[in-house]
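Take a look at the structure set out below.
The values are calculated or read from the model by the stated rules, or taken from the named source; none is laboratory data. All values derive from a computational prediction rather than experimental measurement. Using ideal geometry, Cβ is built from the backbone for each residue, glycine included, and neighbour counts are taken over all protein chains shown. Quick note on the areas: whole protein, heavy atoms, side chains included, nothing else; ligands and nucleic acids left out. Shrake-Rupley method; radii C 1.70, N 1.55, O 1.52, S 1.80 Å.
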Amino acid sequence: NLEYLDFYGNQLSGTILTEFGTMTNLKYLSLYGTLSGTIPTELGKMTNLSSLSLFYNQLSGSIPTELGIMTNLASLALD
């Protein structure tokens, strides 16, 4: 029943795990770090997510269209 997950201030590296998509109760996800690769389409399965922050990462590729149909997503922060 986790609803809020914030990794601010951590030294995350690697890619964004597709398994985050299984966390359907999550409302807030913040992945600050040095993550690379693309944004997984599986994040679109997080139907209750209202805020997704991916600051300070080295992500590449396009924003998945699956994120555009997330009706509860009110904030998407990319930098």
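One line per residue, one yes/no per condition, for (1) among the acidic types (Asp, Glu); (2) modelled with pLDDT under 95; (3) touching a strand residue (DSSP E or B) at 6+ places or on another chain (Cβ under 6 Å):
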position: Asn1; (1), (2), (3): no, yes, no
position: Asn10; (1), (2), (3): no, yes, no
position: Tyr32; (1), (2), (3): no, yes, no
position: Ser36; (1), (2), (3): no, no, yes
position: Leu43; (1), (2), (3): no, no, no
position: Leu52; (1), (2), (3): no, no, yes
position: Ser60; (1), (2), (3): no, no, no
position: Leu73; (1), (2), (3): no, no, no
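For first residues located in segment 51-79 and closer than 25 Å to Gln11 by Cβ, partners that are among the small types (Gly, Ala, Ser) and open to solvent by 70 Å² or more (accessible area, probe 1.4 Å) and lie 6+ apart or on another chain with Cβ distances below 9 Å form the pairs Ser51/Ala74. For segment 13-21, does any single residue satisfy the condition of being part of a helix (DSSP H, G or I) and touching a Pro at 6+ places or on another chain (Cβ under 7 Å)? The answer is yes; a qualifying residue exists. Scanning segment 1-21 for residues that are closer than 20 Å to Asp79 by Cα and small (Gly, Ala, Ser), we see that the one that is most open to solvent (accessible area, probe 1.4 Å) is Ser13. The single condition from (1) surrounded by 15 or more Cβ atoms within 10 Å (Cβ to Cβ); (2) not in a loop (DSSP other than H, G, I, E, B) that Ala77 fails is (1).
Here Thr24 clears all of (1) assigned to a loop (DSSP other than H, G, I, E, B); (2) open to solvent by 80 Å² or more (accessible area, probe 1.4 Å); (3) not aliphatic (A, V, I, L, M) except the condition numbered (2). Looking across segment 30-55 at every residue that is small (Gly, Ala, Ser) and in a loop (DSSP other than H, G, I, E, B), the one that is surrounded by the most Cβ atoms within 10 Å (Cβ to Cβ) is identified as Gly33.
Scanning segment 65-79 for residues that are within 11 Å of Thr41 (Cβ to Cβ) and under 11 Å from the mean Cα position of the chain (by Cα) yields a single hit, Leu67.
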